[in-house]
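Scroll down for the structure; my scribbles are underneath it.
Please treat every number below as a calculation from the coordinates, not as lab data. Keep in mind that this is a model prediction, so the values were computed, not measured. As a convention, Cβ positions derive from the backbone with ideal geometry for all residues, glycine included, and neighbour counts pool all protein chains shown.
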Amino acid sequence: MDTRRDFAALEARRMQAAALFRRHQSPAEVGRTLDVSRQNASVWYRRWKAEGRAGLKGAGRAGRRPKLPRERFKEVERALLRGPGAYGYTTEFWTLARVAQVIARTCHVSYHPGHVWRLLGQLGWSCQRPTRRARQRDEAAIARWRRDTWPRIKKKRSA
C-alpha cells in the first residue's frame, strides 16, 4: 500500500518507531523493521529524543494553506447569488474576472481569474450559457449581414 499521502498511516508508523526507540532499538534497526531509510529513522530518533512522541506528530496537512478558507465559501456564494448587477456590472453574466473582483471585494483575497473556476467548482457552480438572447439583438441587421456580407466574405471552393 502506498502511504505517501495517508497522513494518519505515516504518523502511526512514526509512533511505532517511538515504541521501538523506547525498547532501545537503533535507528538502523527501526529503519529495517518499518521499511524506511536509515536517514529517516535517524531524523525520527533525534526528534523523539528531543521532544518525545509529540515530536513525531504529523503536521496535519500537505501543501500551502488556501488563501480563502472553506468557512468563507458561503460568503462568496451569497455575494454571487446577489447577481452581477448588485456590484455595478451592466450585464447579468458572471465572468471569471468579475467573480475574482467580487471575491477581492468581499473577502479581501485576490485570485487570478484563471484560478477562480476551481473555486466555483468547489462551490458546485458550473459554466452556463444564457437561456435567452440578448435584449439589444437586432434581428433585421443579422438577416442583412447574412444576406449581403456573409456571401461576399465567405471563401469559395477552389476549382
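For region 1-133, relative contact order (Cα pairs under 8 Å, six or more residues apart, normalised by length) works out to 15 percent.
The ranking of I153, I103 by Cβ neighbour count inside 10 Å, starting from the fewest, reads I153, I103. The angle separating the long axis of helix 96-107 from the principal Cα axis of greatest extent in the chain is about 60 degrees.
Per residue, the convex hull spanned by the Cα atoms of region 65-159 measures out at 170 cubic angstrom. Across the options Q122, Y89, A17, the greatest Cα extent toward the positive end of the charge dipole of the chain (unit charges at beta carbon of Lys, Arg, Asp, Glu) belongs to Y89. In a simple Cβ point-charge model (Lys, Arg +1; Asp, Glu -1; nothing else charged), region 44-101 has a dipole of about 640 debye relative to its Cα centre. Compute the FRET efficiency between V109 and Q16 as 1/(1 + (r/R0)^6), taking r as their Cβ-Cβ distance and R0 = 41 Å, and round to the nearest 0.05. Given R0 = 41 Å and the Cβ-Cβ separation, E is 0.50. Treating each Cα of region 7-126 as an identical point scatterer and ignoring solvent, apply the Debye formula and state log10 I(q)/I(0) at q = 0.10, 0.11, 0.17 Å⁻¹. Summing over Cα pairs of region 7-126 leads to -0.54, -0.57, -0.77. Put a dot 7 Å past the Cα of F73, heading toward its Cβ, do the same for R132, and the two dots end up 3.2 nm apart.
Taking the Cα centre of the chain as reference, the dipole from Cβ charges on Lys and Arg (+1) and Asp and Glu (-1) amounts to some 680 debye.
Taking +1 at the Cβ of each Lys and Arg and -1 at the Cβ of each Asp and Glu, which of G52, S37, F73 sits farthest along the dipole of region 36-77 towards its positive end, judged by Cα position relative to the Cα centre? The one lying farthest along the dipole's positive direction is S37. For K49, the lysines whose Cα falls under 25 Å of its own Cα, not counting residues fewer than eight places away in the same chain, are K57.
For A9 and R23, the difference between the fully extended length at 0.36 nm per residue and the C-alpha to C-alpha distance is 2.9 nm. A simple spin-label model places pseudo-atoms 7 Å from Cα toward Cβ; at A86 and W125 they are separated by 1.1 nm.
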